[in-house]
Amino acid sequence: MLRILYILWLRQLKRYVRSRARMIGSLGQPLLFLVALGFGLGPVYQKAGGGSYIQFLTPGIIAMGVLFTAMFSGIEVIWDKQFGFLKETLVAPVPRIVIMAGRTLGGATVATLQGVLVLGLASLVGFRPTNLALLPLALAFMFLTALLFTALGTALASILDDMQGFQLIMNFLIMPMFFLSGALFPLKDAPGPMGFIAALNPLTYGVDGLRGALLGASQSSMPLDLLVLGVLTAGCLVLGGRLFSRIQI
Amino acid sequence: MDIIQVEGLTKAFGGFTAVDGISFDVGAGEIFAFLGPNGAGKTTTIKMLTTLLHPDRGKIIVDGHDAASDQDGVRRSFGIVFQDPSLDEELTARENMELHGVLYRLPSKDLAARIEEMLRFVDLLDRKNQKVKTFSGGMKRRLEIARGLLHHPKVLFLDEPTVGLDPQTRHHIWEYLQRLNKSEGITVFLTTHYMDEAEKVATRVAIIDHGKILVQQTPAELKASTGKSSLEEAFIQLTGHGIRHEEASSNDHLRAARRMWRR
């Protein structure tokens, strides 16, 4: 079983490392956000007394990179089940749950690497973590967020069978989750309904946790973040595993 | 002995009965061609035989394993080449084979040798370390055949294995399969739209239309009973001249979307 998990995980990593174009392409968007918003809104944010906007923004953009990569690697199942390699795994004499676990772990690892790359980019444009000792904690938040959204993407892709579904997820789930997570602006001054929506948004806890780990714990409530992310991740893994096991094509 | 036994197999999608109570047997060592016009129920049947789709009714036994109660037993006993490629294009030929070997739990110590053997069989040994995305359509098909055979299956399912390939490659593929069928006694279950190919290789054919099997005979018997000189003419006599209009399915849209998204 472990050998199977390992080779499925390794496959995702090899795919990531080998397609440089994809890796660079997927860093373009976070970089654009960092530069355009970071430098564009920086002075305004500073004048309003918020401090350095690049510092504030970076954890949010890391979370964005993780969210997008993770969701996409889950959603890939939509076409993979008809035209891709997935079909090869669906007829193999291996419990589906193992296939799902291997894929999801691989996808989450790749999304975490993506987050690390964004962190690297951010440090090029001036971001500095306040406490280097907390970097492993930041990694843990990235991985947990990655696992959560890879599993969620897989769960959704298991029940959808065309690309219209993909558009729906993109416009009504991924984008709102990103914009309403506190990635781009502080939630503490957000109007009531928005704060309420943000509190229901899983990404909010990923962003908050990352901000805590990278900027100092005083900025957020990391134990709560860990708890919420942990519970949601477990839930999504179970749900994703079930729905994936039931795939018929 | 019959290696595939199917009884009363039925599958409906919404109100449309794609496969309507079909029964047939395939003997061990046969090359069995499953023929029918577009939308006749061929692919749906293959999906049920290979455990990708659960039948509404009916019984499937493959190599003594019941598809309803012993899915993994069925899965171990067949290899399959799908209509749409299912290779990982970013991986090399050898890596694709290796993944298959691990999924089917082949012992690690024999795996490398077995992979070489199968790659040699389909003349791809010299390309083993190249990424699959650099392969032509014919090479991918050959690699899929080699992969499908890696775990010593008793039955090989081929869903339109030669579609889109040039005559040379088609010739090669049939030659491999016939060689394999003779030397290893492997049973081949195939669908194809090329009646001349079916006539040449199949020991028995079944013709399915509107979800029902019309005939199951040897090509010679079929020609004799319809009084036609080729399998193609016999096929048209049985299934009619009308062209089948298959609506563009969500699969066709997906195929297009995938091309666009391919990175």
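Tabulate in residue order the Karplus-calculated ³J(HN,Hα) for the range B:63-80, using 6.51 cos²θ - 1.76 cosθ + 1.60 with θ = phi - 60°, rounded to whole Hz; enter x for Gly and Pro.
Working through the residues one at a time gives 6, x, 9, 7, 5, 7, 10, 10, 4, 5, x, 4, 4, 5, 8, 10, x, 9 Hz.
State the Kirkwood hydrodynamic radius of the range B:2-244 in Å, one decimal place, computed from all pairs of distinct Cα atoms. Could you put the intermediate results ahead of the total?
Values: mean 1/r = 0.0539 Å⁻¹.
Kirkwood hydrodynamic radius for the range B:2-244: 18.6 Å.
Keeping to pairs on different chains or 8 or more places apart, tell me how many lysine pairs in the range B:1-149 have Cα atoms under 19 Å apart.
8
What Kirkwood radius, in Å to one decimal, follows from the Cα pairs of the range B:36-180?
Working: mean 1/r = 0.0622 Å⁻¹.
Hydrodynamic radius (Kirkwood, Cα pairs) of the range B:36-180 is 16.1 Å.
Would you mind telling me which residue in B:Glu90, B:Glu197, B:Glu30 has the biggest mean-square fluctuation in a Gaussian network model of chain B, where springs connect alpha carbons within a distance under 10 angstrom?
B:Glu90
Compute the relative contact order of the range A:1-141 as a whole-number percentage, counting only Cα pairs closer than 8 Å that sit 6 or more residues apart in sequence.
39 percent
State, to one decimal in nm, how far the label point of B:Met1 lies from the label point of B:His241, with both points 7 Å from Cα in the Cβ direction.
4.8 nm
In square nanometres, what is the average projected area of the Cα convex hull of the range B:46-129? List each step's numbers first, then the result.
Numbers: hull surface 26.8 nm².
Projected area, direction-averaged: 6.7 nm².
Taking the simple approach of a point 7 Å from Cα along Cα-to-Cβ for both B:Ser225 and B:Ser183, what is their distance in nm?
A separation of 3.5 nm, rounded to one decimal place.
Order by neighbour count: A:Ser221, B:Ser108, fewest other Cβ atoms within 10 Å first, most last. It would help to have the intermediate numbers written out before the result.
On the way: A:Ser221 14, B:Ser108 11.
Placing the least packed residue first, the sequence is B:Ser108, A:Ser221.
Calculate the mean, over all residues of peptide B:101-110, of how many other protein chain Cβ atoms lie within 10 angstrom of the residue's Cβ.
Across B:101-110, the average partner-chain Cβ count within 10 Å equals 3.
Please name which of B:Val122, B:Asn96, B:Gln83 has its Cα lying farthest along the dipole of the range B:65-180 towards the positive end, using unit charges on Cβ (Lys, Arg +1; Asp, Glu -1) and the Cα centre as origin.
The listed residue farthest towards the positive side: B:Val122.
If the viscosity is 1.567 mPa s and the temperature 4 °C, what translational diffusion coefficient in µm²/s does Stokes-Einstein give for the protein assembly as shown when Rh comes from Kirkwood over Cα pairs? Don't skip to the end; give the middle numbers.
Values: Rh = 25.1 Å.
Answer from the Stokes-Einstein relation: 52 µm²/s.
Based on alpha-carbon centroids, what's the gap between the range B:68-100 and the range B:160-189 in Å, whole number please?
Measuring centre to centre over Cα atoms gives 18 Å.
For the range B:167-209, with only Lys/Arg (+1) and Asp/Glu (-1) charged at the beta-carbon, what is the dipole magnitude about the Cα centre, in debye rounded to 20?
Details: 5 positive and 6 negative charges, 33 e Å.
Result for the range B:167-209 is approximately 160 debye, rounded to the nearest 20.
Of B:Ser23, B:Pro219, B:Met48, which is farthest on the positive side of the dipole of the protein assembly as shown, counting Cα position, with +1 on Lys and Arg Cβ, -1 on Asp and Glu Cβ, and the Cα centre as origin?
Selected residue: B:Met48.
Could you please rank B:Thr162, B:Thr226, A:Thr130, placing first whichever residue has the fewest other Cβ atoms within 10 Å of its Cβ? Before the final figure, lay out the partial values.
Values: B:Thr162 21, B:Thr226 17, A:Thr130 13.
By the 10 Å Cβ count, ascending, the order reads A:Thr130, B:Thr226, B:Thr162.
Taking the Cα centre as origin and putting +1 on Lys and Arg beta-carbons and -1 on Asp and Glu beta-carbons, what dipole magnitude results for the range A:2-245, to the nearest 20 debye?
Working: 16 positive and 8 negative charges, 127 e Å.
Roughly 600 debye for the range A:2-245.
Let me have the relative contact order for the range B:2-244, percent, based on Cα pairs under 8 Å that are six or more residues apart.
Values: 445 pairs, mean separation 63.7, N = 243.
Answer for the range B:2-244 is 26 percent.
For q values of 0.07 Å⁻¹, compute log₁₀ I(q)/I(0) with the Debye formula on a Cα-only model of chain A, without solvent.
Log10 I(q)/I(0), no solvent term: -0.23.
Please sort through the DSSP H helices of chain A and keep those with an alpha-carbon extent of at least 30 Å along the long axis and a Kyte-Doolittle average not below 0.5. Could the numbers behind the result be given before it?
Working: long enough: A:53-75 (32 Å, 1.56); A:96-124 (42 Å, 1.39); A:135-159 (37 Å, 2.04); A:222-245 (34 Å, 1.64).
Flagged H segments are A:53-75, A:96-124, A:135-159, A:222-245.
Please work out, to two decimal places, the log10 of the ratio I(q)/I(0) at q = 0.12, 0.17 Å⁻¹ from a Debye calculation in which every Cα of the range B:146-235 carries one identical scatterer.
-0.40, -0.79
Along Cα→Cβ, 7 Å out, is where each label goes; now give me the distance between the ones at A:Ser19 and A:Met1 in nm to one decimal.
My value for the distance between the label points is 3.1 nm.
What dipole magnitude, in Debye to the nearest 20, does the range B:2-244 give about its Cα centre under +1 on Lys/Arg Cβ and -1 on Asp/Glu Cβ? Please list the in-between numbers first.
On the way: 30 positive and 34 negative charges, 51 e Å.
The dipole of the range B:2-244 has a size of about 240 debye.
Over what distance in Å are the Cα centres of the range A:36-66 and the range A:112-144 separated?
15 Å
So if I take the centroid of the Cα atoms in the range A:180-249 and the same for the range A:85-99, what is the distance between those two points in Å?
Computed from Cα coordinates, the inter-centre distance equals 30 Å.
Where a number appears in this text, it was derived from the coordinates with a stated rule and is not lab data. Predicted model only: the values in this text are computed from it and were never measured. Cβ: placed from backbone, ideal geometry, glycine included. Neighbour counts: every protein chain shown.
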